[in-house]
1. Just to check your reading of the model, which residue among A:568, A:633, A:614 is out of contact with any His (no Cβ under 9 Å at 6 or more places or on another chain), in a strand (DSSP E or B) and either closer than 30 Å to residue A:267 by Cα or modelled with pLDDT of 85 or more (or both)?
2. Check residue B:68 against each of (1) under 19 Å from the mean Cα position of the chain (by Cα); (2) at the interface with chain A (Cβ under 8 Å from one of its Cβ atoms) and name the one condition it does not meet.
3. I'm told residue A:252 meets every condition in (1) more than 14 Å from chain C (Cβ to nearest Cβ); (2) at pLDDT 90 or above; (3) surrounded by fewer than 20 Cβ atoms within 10 Å (Cβ to Cβ) except one. Can you identify the failing condition by its number?
4. Just the residues that are in contact with a helix residue (DSSP H, G or I) (Cβ under 7 Å, 6 or more places away or on another chain), surrounded by fewer than 17 Cβ atoms within 10 Å (Cβ to Cβ) and either in contact (Cβ under 8 Å) with a residue 24 or more places away in the chain or of a type in the set (Gly, Ala, Ser) (or both), please, taken from the range A:375-400.
5. So, residue A:24, is that one without any contact (Cβ under 8 Å) to a residue 12 or more places away in the chain and either in a helix (DSSP H, G or I) or over 15 Å from residue A:162 (Cα atoms) (or both) or not?
6. Among the residues of the range A:566-574, are any surrounded by fewer than 19 Cβ atoms within 10 Å (Cβ to Cβ), small (Gly, Ala, Ser) and within 14 Å of chain B (Cβ to nearest Cβ)?
7. Any idea which of (1) closer than 25 Å to residue A:588 by Cβ; (2) assigned to a helix (DSSP H, G or I) is the one residue A:429 doesn't satisfy?
8. Please go through the range A:575-594 and give me each residue that is away from chain B (no Cβ under 12 Å), in a strand (DSSP E or B) and of a type outside the set (A, V, I, L, M, F, W, C), ordered by number.
Amino acid sequence: MIAEIGHLLLIGSLVVSFLAGFSPLLRFLTKDDFFYEVISPLNNLVFLLIFLSFVSLIYSFLIDDFSVAYIANNSNTLLPVYYKLAATWGAHEGSLLLWILCLCFWSTSYFFLNRKKDVEFVALTLSVLNQIIFAFIAFTLFTSNPFERLLPIAPFEGADLNPLLQDFAFTIHPPLLYLGYSGLAVPFALSLSALISKKIDSIWARDARLWSLLSSGFLTLGIALGSWWAYYELGWGGWWFWDPVENAAFVPWLISVAMFHSLIVTERRGLYKNWSILLSILAFAASILGTFLVRSGILTSVHAFALDPERGVFILAIFAYFILGSLIFYSIMNNKLPGRSTYNMISKEFGFLLNNILLVILAISIMFGTLFPLIYEAIYDGEQISVGAPYYEVLILPFAIALSFLQGVGLYLGWSSTREFNFLNRVLIESFSLFIVMSLLVFLIFGTLNWGTFLAIAMFSWIFSGNFIDMVYQSSQVKELKLVLLRRLGMISAHLGTAFLILGVGIVTTFSLEREVVLQKGESYQLGSTNFVFKEIRESKGPNYSVRSAAIEIRKGGLVDEISAEKRNYLASNQILTEAAIKPTLLQDYYVTLGDQVGDGKWSFKLQIKPFIRWIWFGAILIALGTFVSSFRQTKRL
Amino acid sequence: MHPLRKQRLYVVLSILLGTVIAALLVFKGLSENINLFYSPSDLQKAQINTQIRVGGMVRKDSIIRVENSLRVSFVITDFEEDLVVNYDGILPDLFSEEAGIVAKGKINEEGIFVANEVLAKHDENYMPPEVAKALKDKK
Amino acid sequence: MNRITHYLPLIFFIFLIIGLFTFLDNEESDLRSVLLDKNFPDFSLSKLENQEIVTKNDLVELPSLLNVWATWCIACRVEHPYLMRLRNESTINIYGLNYKDDRSKAINLLDQIGDPYEFSIFDHEGILAIDLGVYGAPETFLIDKSGIIRVRHVGVLTPEVWEEKFNGVLNDLKEDEK
């Protein structure tokens, strides 16, 4: 019964969003402003309907309504309550509903923040957003309906939620990520409104920047969470695999970063309007393309959703409509964009331009690598290949170096031209000093150094100096320093975040240790300067699984601690999952995975030491924080 | 040259430079990192001592583990040809007899596949589509 | 110069979209063409219930369904009630293909929840499954009177799927017979 209500609400929202989406056409025909004014209430109604629909899906999960196919396939009576909630977005159909809910959240937020502004502009923006909402609801209803019934025969028990998803991090990962993906629709819609109403100005840029920052922040969190989850859940100690699904999130993120940087120039100097508009279209395109790759089954990946080319065609059609449509508007309507100004090569403007170019080329290259297996298969008739991680690692390095360099000096470049170059000396000296200090520290901790580490430390020092140390040095008073820092808090946090992230990546890549060993009960193994002792095997039970765990004692210096590496057998699906034992410390993670029994009382283990790995996610969190702080400041200027 | 033109020239040049560098990196990276996929009977086409991927079904009763070590050998098949795979390490959870697996590694001179990675990502009874396709094509 | 650069992104995306559409199209026809309108493959395997060997010739009650199932396949439990209903209410016959399973567990399961199958083929190694292009379970095939595969469905068999994919074809086949 409740599922029927949910279904009806979804159909209702389809109709209302259609009305909201295409109302401007009526305004165009009748010249009656009513058709602009009516869009906002319609939009809010859509949000309400979708929200209630989502709630009814959740409710059906909580009461174990297995007559609904989606629930029967993804839930189970033994499943703990909080996972039943998460199962709502655990598979394709339900996650689409979540995506739509996120987009509705953004469009309604946009309305609330702008309801006293230019009627036409707001109406156009909301209508574009509602067209997108309409498209996705249509897709859901016609190809992926979560409310479909199995009636009249309902099974007494459901299949289970995939054990890999029965995890806290993974349950909040989709909402965060979808807020990011769907959020990119707002700058996209704003660009279209600006193009149509010919109001591409600093007001538009200021608005667009806010929503780009917000989406980017959520994408940052979603990606970081996904990486952290993969690290502790998949049992291999890896934190990034250049999997198509990961790339599908990384590419829009890169473009969103380019976008909110480019918009700074557009807002302040009226330049790069073309860039900013194109970036907003590109970002949204990347977001939908990502959705397409993950749900159409054309790429095999660790976590591809549904292998269904028919769905792929539908998403591709949505993609074509919005992206080609917006590009047509762009090509036709922007030939009279004013805003020519001269600037020097050594200037903020040029720096931001380089930033745009670098990020976009990097994004396209990553997308190319992701799609290359398809192209290859099409050309060489059926021969299957995969593009390995080394391709991406080689690719990203020069871009990371160039972008780090820009990050360090960006603050000191002047608008139009730079008159004073003293900063170069200062930053060089500061970063060199920091470089020496960090290198010594690293040498003390690890006993060795190599080129990879030097590079990472150099980039870290450069960014740190340019974005923090020099500021401190330059301020003659504490009061002045406080003001400076507060004004630029978002930027500082985000840039420092990238510095920590780069350092973490560099160190964990060069100094990780790993060994697969066979240990007898009581036996120990020395990896690096750490001793791992296999104490014993224990058996126990969880809520919906049984466990065999190995107790491992870690001894290093004065530290002695015990962790437990598990193999879980999930009862409903009979799937075995390895849960790695991780001991995190400030400077490194100790990581143990339990393998198989290889002899009497002998077990195989994979032992790893991952230095500085937490700094990667710490850096990512700083980036996200900085992004959100900047967006908060942006709202103050609205 | 007019300063505006000069500036635009710089812009165009830097875009071109960036693209060329990226293209070079892309092709360099790709040529070294395309891992071709073979089923056991395709292997005559493969080069020895080159990193490739192989896939097939693990033959029943073919898994041999060396006592007290992580060394294991097993046979994969596409029902036409068999291939012996040697691996030194912990096998993934979903590895078992009659499972469809993909392994990365090299063929040595003796025709044995020395794997450095064994992948069994899905449910043990679900065959990776690449493997299923390859096996299907054999019929 | 500027005019052209304005149109470049549009042109690029048009090509990209065409490329992706073509690829999807190939994918779709690949998946479908796997065995449709081809003869059901030959095989020689034992029945689940006993050691009696069955071959393609023993699939006599045609047209019929062939349903791929196993005790480890939870989604199969979800479609099981519907299979029972199909067996009881309609005239369609269902053969089972027990895929990569444990014989005694499979027999026990059917005892417990009911057996909708005329008989099940015990395909422990998955040999017939490979010939059918089976990826996993559940999957259901429709075989016509001449032993040709007409429909293949990957995933749970529901009333909707039955209506959309199977019923129409089945009725057409019955029409052809007249």
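The values are calculated or read from the model by the stated rules, or taken from the named source; none is laboratory data. Bear in mind that the values here come from a model prediction, so they are computed numbers and not experimental data. In this analysis, Cβ positions are derived from the backbone assuming ideal geometry, glycine residues included, and neighbour counts consider all displayed protein chains.
1. Values: A:633 fails: in a strand (DSSP E or B); A:614 fails: in a strand (DSSP E or B).
Unique residue meeting the criteria: A:568.
2. (1)
3. (3)
4. Hit for the range A:375-400 is A:378, nothing else.
5. Working: without any contact (Cβ under 8 Å) to a residue 12 or more places away in the chain: no; either in a helix (DSSP H, G or I) or over 15 Å from residue A:162 (Cα atoms) (or both): yes.
Spelling it out, it is not the case that residue A:24 is without any contact (Cβ under 8 Å) to a residue 12 or more places away in the chain and either in a helix (DSSP H, G or I) or over 15 Å from residue A:162 (Cα atoms) (or both).
6. Step one: list which residues in the range A:566-574 are surrounded by fewer than 19 Cβ atoms within 10 Å (Cβ to Cβ), which gives A:569, A:571, A:574.
Now restrict to residues that are small (Gly, Ala, Ser): none.
No, every residue in the range A:566-574 fails to be surrounded by fewer than 19 Cβ atoms within 10 Å (Cβ to Cβ), small (Gly, Ala, Ser) and within 14 Å of chain B (Cβ to nearest Cβ).
7. Condition (1) is where residue A:429 drops out.
8. Initially, the range A:575-594 is screened for residues away from chain B (no Cβ under 12 Å), giving A:581-591.
With in a strand (DSSP E or B) added as a condition, the list becomes A:581-584, A:588-591.
Selection gives A:583, A:584, A:588, A:589, A:590, A:591.
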